[in-house]
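Okay, structure first, notes after.
The values are calculated or read from the model by the stated rules, or taken from the named source; none is laboratory data. A quick note: this is a predicted structure, and the numbers were derived from the prediction, not measured. When we count neighbours, we look across all protein chains shown, and the Cβ atoms used for this are built from the backbone with ideal geometry, even at glycine.
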Amino acid sequence: MIDLTDNKIQGAIPSELRNVTTLRYVYLNSNNLSSVIPTSFWSLRDILGLDMSENCLTCSLPAEIGNLKALVYLNLSNNQYLGGIPSTVGTLQDLQELALEHNKLQGLIPDSMKNMLQLRHLDLSFNNLEGEIPNSLQVLSDLQYFNVSYNRLRGPIPHEGPFTNFTNLSFLSNEALASFHELRKITNGFSESNLLGSGSFGSVYKGIRENGMVWAIKVFDLQLEGAFKSFGRECEVLSCLHHRNLTKVISACSSPDFKALVLEYMPNGCLEKWLHSNHHFLNMKQLLDVMIDVACGLEYLHYGYLTPIVHRDLNPSNILLDQDMAGHVCDFGIAKLLGDGESVVQTKTLATFGYIAPEYGLEGLVSTSSDAYSFGITLMVTKRKPKDKMFTEELSLRRWIECISSILQVGLSCTTYVPEERINMKEILRALQKIKLQFIKDIVP
């Protein structure tokens, strides 16, 4: 055994330690050791305990750490380690305690840790780890302490095995980890006072985290037919889509009896509210901006991904407005990914009455043209009745009518009975941008 704990030792760890082949325990913690652990040190295969915490050790953890297969205790916390946790750590199958907190580790938590079946204590807090907590860690039945607080982890928290015993204290201050307990707490038990709205497969609640971040939590009603499939579809679609005009999924929470999506909160609600309320008002430029935003989002769905994606349920209640009144397309619970070479597929009709393309409603035929139809109907219902406060010296009733007429013409071009005769989202977007430019030109002296 070597025990030089708390002696203010400086400098590098001597490489000559490799010659002490009978070493079983090394305690060099609480010193001022710097540089790196010599590569030769990892050849001491019979070491049982190693503590080099609270030093100034740097560089990356080497893959050779997996050579110390007899290790029972490993503490490298409170150093300055960079890089990722090597997957070879999973070969330490006798390890009972692993402490790597307070470093600068990056990357993912290795899935290979599932092989560390003797592990009782795992502390990875205060690093820069990303990605999700591997579900495979649920097999670590002996794990009694787990801490990944203060990282940049996101996604669902595992809910089986040892994770049934861990509280929120194990997951503090991550970018977007979501547990059932936290979601229930920040929504006041999913109370009606936090309810933002309801849809076909569940309800959306407002939740405010301890750090002040506001989430919209979409809770699926698993008693409804299709809810499980809808949750899976939204996860599948939104996990691979990234566009400023599509609602951002921050995280998810999934267990056999509870499924929820954590979404970006939109403080100005849905477009439906602004169209049918005496207390909310959008001027012409704002309406054009919102519909251009929606067109941008749909254009991305149809042309910006590997295979076209059909939303299938576009309507004003599925268009959300952020703090800057930018439009975001939401609710992908019945979205359809078209396969290679597919332009039309047949499916069950589930969309909102009044916005459904004829071929979809009558025959269940879905294509990007059916989205264009729904957009056209949405575009035409966004026209507003003229009100006195709309009009100024710059915007006359005539100019307002000219703009509305142009918008209606685009809407009519979207909603022809024959799908092949409809304009597509690229053409729609160009037409709306042209209308906006003309509108701005007309009202600017």
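All of (1) in contact with an Asp or Glu (Cβ under 6 Å, 6 or more places away or on another chain); (2) at pLDDT below 95; (3) more than 30 Å from ARG233 (Cβ to Cβ) hold for PRO162 with one exception: (1). Checked against the criterion of being within 21 Å of ASN318 (Cβ to Cβ) and assigned by TED's automatic domain parsing to the domain that holds MET325, the candidates SER198, SER277 yield just one match: SER277.
What are the residues in region 249-280 that are touching a residue at least 60 places away in the same chain (Cβ under 8 Å) and touching a strand residue (DSSP E or B) at 6+ places or on another chain (Cβ under 6 Å), if any?
Here is the first cut: in region 249-280, the residues touching a residue at least 60 places away in the same chain (Cβ under 8 Å) are 250-255, 258, 260, 262-264, 266, 269-271, 275.
If the condition is that a residue be touching a residue at least 60 places away in the same chain (Cβ under 8 Å) and touching a strand residue (DSSP E or B) at 6+ places or on another chain (Cβ under 6 Å), then ILE250, SER251, ALA252, CYS253, SER254, ALA260, VAL262, LEU263, MET266, CYS270, LEU271 are the ones that fit.
Considering region 201-232, and only residues there that are more than 24 Å from ASP313 (Cβ to Cβ) and not β-branched (Val, Ile, Thr), the residue that is nearest to the chain's Cα centre (by Cα) turns out to be MET213. When region 65-89 is filtered for residues that are surrounded by fewer than 18 Cβ atoms within 10 Å (Cβ to Cβ) and closer than 24 Å to GLY131 by Cβ, the ones remaining, listed by number, are GLY66, GLN80, LEU82, GLY83, GLY84, SER87, THR88.
Listed conditions (1) assigned by TED's automatic domain parsing to the domain that holds GLU132; (2) in contact with a helix residue (DSSP H, G or I) (Cβ under 7 Å, 6 or more places away or on another chain) are all met by GLY155, apart from (2). When the strands (runs of 3 or more DSSP E) confined to region 150-257 are screened for residues that are buried (at least 21 other Cβ atoms within 10 Å of the Cβ) and on the phi < 0 side of the Ramachandran plot, those reaching at least 2 such residues are found at 176-178, 202-208, 214-220, 249-255.
Quick one: which of SER191, SER170, SER198 is at pLDDT 90 or above and either touching a His at 6+ places or on another chain (Cβ under 8 Å) or not hydrophobic (A, V, I, L, M, F, W, C) (or both)? Full working, then the answer.
Numbers: SER170 fails: at pLDDT 90 or above; SER198 fails: at pLDDT 90 or above.
That would be SER191, the only listed residue that is at pLDDT 90 or above and either touching a His at 6+ places or on another chain (Cβ under 8 Å) or not hydrophobic (A, V, I, L, M, F, W, C) (or both).
Restricting attention to region 199-230, the residues that are farther than 18 Å from SER251 by Cβ, touching a residue at least 12 places away in the same chain (Cβ under 8 Å) and out of contact with any Leu (no Cβ under 6 Å at 6 or more places or on another chain) total 8.
Inside region 312-426, counting only helices (runs of 4 or more DSSP H) that do not spill past its ends, which hold 1 or more residues that are at pLDDT 85 or above, of a type outside the set (A, V, I, L, M, F, W, C) and surrounded by fewer than 16 Cβ atoms within 10 Å (Cβ to Cβ)? Quick ask: steps written out before the conclusion?
Numbers: elements: 358-363, 368-381, 397-414.
Because the criterion is at least 1 residues that are at pLDDT 85 or above, of a type outside the set (A, V, I, L, M, F, W, C) and surrounded by fewer than 16 Cβ atoms within 10 Å (Cβ to Cβ), the helices (runs of 4 or more DSSP H) in region 312-426 that meet it are 358-363, 397-414.
Within region 127-136, which residues are buried (at least 20 other Cβ atoms within 10 Å of the Cβ) and either in contact with a helix residue (DSSP H, G or I) (Cβ under 6 Å, 6 or more places away or on another chain) or more than 24 Å from PRO256 (Cα to Cα) (or both)? Listed by number, the residues that qualify are ASN127, LEU129.
Quick grid of which residues meet (1) surrounded by 15 or more Cβ atoms within 10 Å (Cβ to Cβ); (2) in contact (Cβ under 8 Å) with a residue 24 or more places away in the chain; (3) in contact with an Asp or Glu (Cβ under 9 Å, 6 or more places away or on another chain):
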position: LEU4; (1), (2), (3): no, yes, no
position: LYS8; (1), (2), (3): no, yes, no
position: GLU16; (1), (2), (3): no, no, no
position: VAL26; (1), (2), (3): yes, yes, yes
position: ILE37; (1), (2), (3): yes, yes, no
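Pick from VAL310, VAL294, VAL290: which is within 26 Å of GLY155 (Cα to Cα) and touching a helix residue (DSSP H, G or I) at 6+ places or on another chain (Cβ under 9 Å)? Just one listed residue meets the conditions, VAL310. Considering only region 98-118, I want to know if a residue exists there that is hydroxyl-bearing (Ser, Thr, Tyr) and surrounded by fewer than 19 Cβ atoms within 10 Å (Cβ to Cβ). There is at least one residue in region 98-118 that is hydroxyl-bearing (Ser, Thr, Tyr) and surrounded by fewer than 19 Cβ atoms within 10 Å (Cβ to Cβ).
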